[in-house]
Amino acid sequence: MNITVINAGKRFNRDWVFRNLNIELKSGMHYAITGNNGSGKSTLLQCIAGALYTNEGSINYAINDVAIKSENQYQFISICAPYLEIIEEMSAMEFLHYHSSFKPFKKGIDPTSILTEIGLIKSKDKQIRYYSSGMKQRIKLAQAFFSDTPVLMLDEPCTNLDQKGIDLYNHLISTYCSNRLVIISSNDKTEYKSCGEEIKVGV
């Protein structure tokens with residue numbers, strides 16, 4: 001999966017967040033979107049993910065040089081971000097089963113093995129509303145990392161994680177991302193140390 005950003009611009013009212021942006025994001029590469037607070041890191045990530053429209057230019061997806069229609073792009077993307085909600089009335093086990101019904105997990109992986117790997121198997125039947133903020137972040141990371149998609153997008157992925165959670169994040173990056181296009185929006189080098197290229201916004 002390759003993603004090409006061509007002369008893209010995004011504005012809110014009359015204020016441009018970014019403009020004349022040209023990026024080529026290649027399969028198997030890891031990219032970091034960096035910039036000061038309010039510079040548009042999350043906005044750019046959401047535009048690339050198709051959650052926000054650009055006001056000018058285009059963002060194109062292709063697999064083996066075959067274009068992917070915009071309405072189908074979501075099938076190829078997993079995303080984890082602080083502003084995305086999970087269904088807190090469900091247990092972790094219920095939520096992961098529900099998630100896999102519309103975005104299957106990688107081959108050989110099921111909710112039980114996921115919860116074991118992220119250290120939440122003992123809390124599998126507890127409603128997510130009773131989880132700590134760090135436990136909720138582990139669930140968000142899990143539904144993104146273990147989904148069978150060629151593109152993984154992460155916005156401040158270590159939010160609310162303690163050191164054990166950060167170690168888990170690094171394990172997930174090194175184990176499940178070698179052949180994926182990974183895009184990380186962050187100012188924390190701990191979160192994007194796997195990235196080979198940095199895209200600076202707001203400069």
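Structure notes:
- For segment 102-123, the criterion of a residue being aromatic (Phe, Trp, Tyr) and in a helix (DSSP H, G or I) is satisfied by no position.
- Whichever residue in segment 97-133 is surrounded by 12 or more Cβ atoms within 10 Å (Cβ to Cβ) and aromatic (Phe, Trp, Tyr) and, among such residues, is nearest to Thr175 (Cα to Cα): Phe105
- Residue satisfying condition, being of a type outside the set (Val, Ile, Thr), out of contact with any Asp or Glu (no Cβ under 6 Å at 6 or more places or on another chain), closer than 15 Å to Leu45 by Cα and not in a strand (DSSP E or B), within set Asn187, Asn160: Asn187
- On the stretch given as segment 27-56, residues that are assigned to a loop (DSSP other than H, G, I, E, B) and closer than 19 Å to Asn72 by Cα total 6.
- Going through (1) modelled with pLDDT under 95; (2) at negative phi one by one, His30 falls short only on (1).
- Residues in segment 75-100 that are within 19 Å of Thr149 (Cα to Cα), of a type outside the set (A, V, I, L, M, F, W, C) and either at pLDDT below 95 or in contact with a helix residue (DSSP H, G or I) (Cβ under 8 Å, 6 or more places away or on another chain) (or both): Gln75, Ser78, His97, His99, Ser100.
- Taking the criterion of being in contact with a Gly (Cβ under 8 Å, 6 or more places away or on another chain) and under 21 Å from Tyr61 (Cβ atoms), the residues of segment 1-39 that qualify are Val5, Ile6, Asn7, Ala8, Gly9, Lys10, Phe18, Asn20, Leu21, Met29, His30, Tyr31.
- Within segment 163-184, the set of residues being over 9 Å from His30 (Cα atoms), among the charged types (D, E, K, R) and part of a loop (DSSP other than H, G, I, E, B) is empty.
- Selection of segment 11-48 for residues being charged (D, E, K, R) and more than 20 Å from the chain's Cα centre (by Cα) yields Arg11, Arg14, Asp15, Arg19.
- From the list Tyr83, Tyr98, Tyr130, the lone residue that is aromatic (Phe, Trp, Tyr) and under 30 Å from Lys10 (Cβ atoms) is Tyr83.
- Qualifying residues in segment 47-79 (those that are of a type in the set (S, T, N, Q) and crowded, with 16+ Cβ neighbours inside 10 Å) - the one farthest from Val182 (Cα to Cα): Thr54
The values are calculated or read from the model by the stated rules, or taken from the named source; none is laboratory data. Bear in mind that the values here come from a model prediction, so they are computed numbers and not experimental data. Counting neighbours? That spans all protein chains shown, and the Cβs are built from the backbone with ideal geometry, glycine included.
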